[in-house]
Amino acid sequence: MSGLYLHIPFCLSKCAYCGFYSIPSTKRKADFLEALKHELVSRKDYLHGEKVETVYFGGGTPSLLHLEEIEDIHKTLHDCFEIDPEAEVSFEANPDTLSLEYLSGLRSLGVNRLSIGIQSFFDNDLRYLSRKHDSSHARQCLDLAKEAGFENISIDLIYGLPTSDADQWNRNLDLFFELDIPHLSAYALTLEPNAVLTKQIEMGKAMPINEEDSIRDYEILCHRAAEHGYEHYEISNFSQLGMHSRHNTSYWFGIPYAGFGPSAHSYDGKSRQWNVSSLERYVEASSVIARSVATRQSTVAEKEILSPEQQYDEYVMLRLRSMWGIDLNDIKREMGERFSYHCEQKAQPLIAQGRLSQNKEILYLNDDQMLFADGIAEELFW
Ligand SMILES: C[S@@+](CC[C@H](N)C(=O)[O-])C[C@H]1O[C@@H](n2cnc3c(N)ncnc32)[C@H](O)[C@@H]1O
Ligand code: SF4
C-alpha cells in the first residue's frame, strides 16, 4: 500500500499569507511537465512495486493544468506505477479556475475527490487574504462541482481572521453545513516567515492577527462540527462518516509515498527525501537525468535516513494530532520497549494536568488541547 503526491507549482498570483512553494506564472509549464515526466520515470521503483491506493495533485494550483496535460500525466503515472482501480485520486482546485466543462473533464480522467480552496464565503476575508475569487465564485464553484458529479468534495477554510468576528465565522460554517459538503479542512491563519502578509503586518500595513480569535473560532468549529455529526479526525480535518481523506490519513499511519515536483517530499518507510523548492533547478536537473539518475538525486533532492529516535518523534507528532491517538503497542512492536516505556512515563504528568487521556494502551489529546498539540508532542519526544 502506498501513495503518490504531485506538486504543481503554479498559481495565478501569490496569496499574501501563503508559504507553499509556488510561482505566480505559468511561463515554464511545458518545461515543468517534461521534467515531471522524467522524474516519474526515473523514480518509478521508489515504491518497490507497492500498489498505489491514493494519488494527490497538490500545489500551487493544479487546476491551472489543461485537461490534456492532466491526461498526459495520468498516462505516465499508469505506465510507472501499479495504481489500484479503486484508488482515491484527489485534486486541489482554486474557485476562480473552475468551469463545468473542466470539472466534468477531471471526472472522466479518474479524479474522484476535489479539494477546493474556498478560505471564506465572505468578501472582506477574501480581500484581506488577497484571494482572486469572491464570495459568489466560492458558492458557484461548489454548485458546479456537484453538477459535474463530484460527491467527495472537501473545502479549505481559514479562521482567526481579523476581518471576521465570531458571528461571521458562524455564518461561514452555516453555509458549509447548508451545502452538505462531506469534508472540511480548516486552518488557523498562520504568519509564514516569507509571506507578504507577515511583512505587511510588521510594517503596520495590514490588520494584525491574534491568538484569542483563533482559539475562539476553533472552539466554535469543534462544537458545531460535532453537532452536525462530523468526525474530527485530525486537528484541522473534519468529515462525514467514511469521508476522510485517505491520502492524508496514510501520512499519519506511516504509509510510504512518493512525491514528485519541486518541494515535494517522499517517504519510503525508513528515510525521507525532499525535492528542491526551485522550479529552475528542478527543470535544469531533468536535462541531467538522461546521463545519470544519481546526479539528479544529488542535484534536486536531499535525503535523511531516520534514526529510531526520529521515527519515534515523528510517530508521536503525527498520531497525537489524529483521533487514532498514540498506540503504545504500536510503539513497542515497531520501535521497541524502551520507546513505549519513555512515552508512557512522559505522558503521566500531562495526563495529571488534563492535557492527555489514556484509554488502555492509547494516548489521546484532550479536546481543549488540540491547538497545543505540537507543544505537547515535544514533551513526549525522545
Ligand atoms: C496547498 S494550499 C493551496 C490550495 C489552493 N492553491 C488554494 O489556494 O485554493 C492548501 C491550503 O492551505 C491553507 N493555507 C495556506 N497557507 C496558509 C496559512 N498561512 N495559514 C493558514 N492556512 C493556510 C489554505 O487553506 C489552502 O487552501
Ligand atoms: S494559497 Fe493556493 S493559490 Fe494562493 S499562493 Fe498558495 S498555493 Fe497559490
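The values are calculated or read from the model by the stated rules, or taken from the named source; none is laboratory data. Every value quoted in this text rests on a predicted model; they were computed, and no experiment measured them. Positions of Cβ are backbone-derived with ideal geometry, glycine not excepted, and every protein chain shown enters the neighbour counts.
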**Prompt:** Which residues, taken from region 1-18, are more than 18 Å from the chain's Cα centre (by Cα), within 11 Å of ligand 1 (Cβ to nearest atom) and among the aliphatic types (A, V, I, L, M)?
**Reply:** L12, A16
**Message:** For region 36-58, which positions are within 16 Å of ligand 2 (Cβ to nearest atom) and surrounded by fewer than 24 Cβ atoms within 10 Å (Cβ to Cβ)?
**Reply:** G58
**Message:** Please determine whether any residue of region 166-183 is of a type outside the set (A, V, I, L, M), within 16 Å of ligand 2 (Cβ to nearest atom), assigned by TED's automatic domain parsing to the domain that holds V89 and more than 28 Å from L67 (Cα to Cα).
**Reply:** no
**Asked** Taking region 59-69 as the region of interest, how many residues are crowded, with 21+ Cβ neighbours inside 10 Å, out of contact with any Cys (no Cβ under 6 Å at 6 or more places or on another chain) and not hydroxyl-bearing (S, T, Y)?
**Response** 3
**Message:** It is to be established whether one or more residues within region 142-151 are near ligand 1 (Cβ under 10 Å from one of its atoms), surrounded by fewer than 23 Cβ atoms within 10 Å (Cβ to Cβ) and free of Cβ contacts under 8 Å to residues at least 40 places away in the same chain.
**Reply:** no
**Request:** Give me the pairs, please: first residue somewhere in region 174-197 and closer than 14 Å to D125 by Cβ, second residue anywhere and within 8 Å of ligand 1 (Cβ to nearest atom) and part of a helix (DSSP H, G or I), beta-carbon distance under 9 Å, and either six or more positions apart or on two chains.
**Result:** L189/L197
**Request:** Could you check how many residues of region 326-362 are within 22 Å of F253 (Cβ to Cβ) and either among the small types (G, A, S) or not in a helix (DSSP H, G or I) (or both)?
**Result:** 12
**Request:** Taking the residues in region 183-204 that are part of a loop (DSSP other than H, G, I, E, B) and out of contact with any helix residue (DSSP H, G or I) (no Cβ under 8 Å at 6 or more places or on another chain) as candidates, determine which candidate is modelled with the lowest pLDDT.
**Result:** N194
**Complete:** Given (1) part of a helix (DSSP H, G or I); (2) within 16 Å of ligand 1 (Cβ to nearest atom), E92 misses just (1)
**Message:** List pairs: first residue in region 113-133 and part of a strand (DSSP E or B), second residue among the basic types (K, R) anywhere in the structure, Cβ distance under 6 angstrom, at least six positions apart or on different chains.
**Reply:** Q119/R131
**Request:** Count, please, the residues in region 347-361 that happen to be crowded, with 18+ Cβ neighbours inside 10 Å and on the phi > 0 side of the Ramachandran plot.
**Result:** 0
**Failed item, numbered, when P85 is tested on (1) touching a residue at least 12 places away in the same chain (Cβ under 8 Å); (2) away from ligand 1 (no atom under 16 Å from the Cβ)** = (1)
**Request:** Quickly run through region 244-275 and pick out the residues that are among the hydroxyl-bearing types (S, T, Y) and in a helix (DSSP H, G or I).
**Result:** T249, S250, Y251
**Request:** Could you please tell me which pairs satisfy a Cβ distance under 8 Å, a separation of 6+ or placement on different chains, a first residue in region 18-43 that is closer than 18 Å to S63 by Cβ, and a second residue that is within 16 Å of ligand 2 (Cβ to nearest atom) and among the acidic types (D, E)?
**Result:** C18/E192
**Test: residue in region 8-24 that is in a helix (DSSP H, G or I) and in the same structural domain as Q200 (by TED's automatic domain parsing)** = no
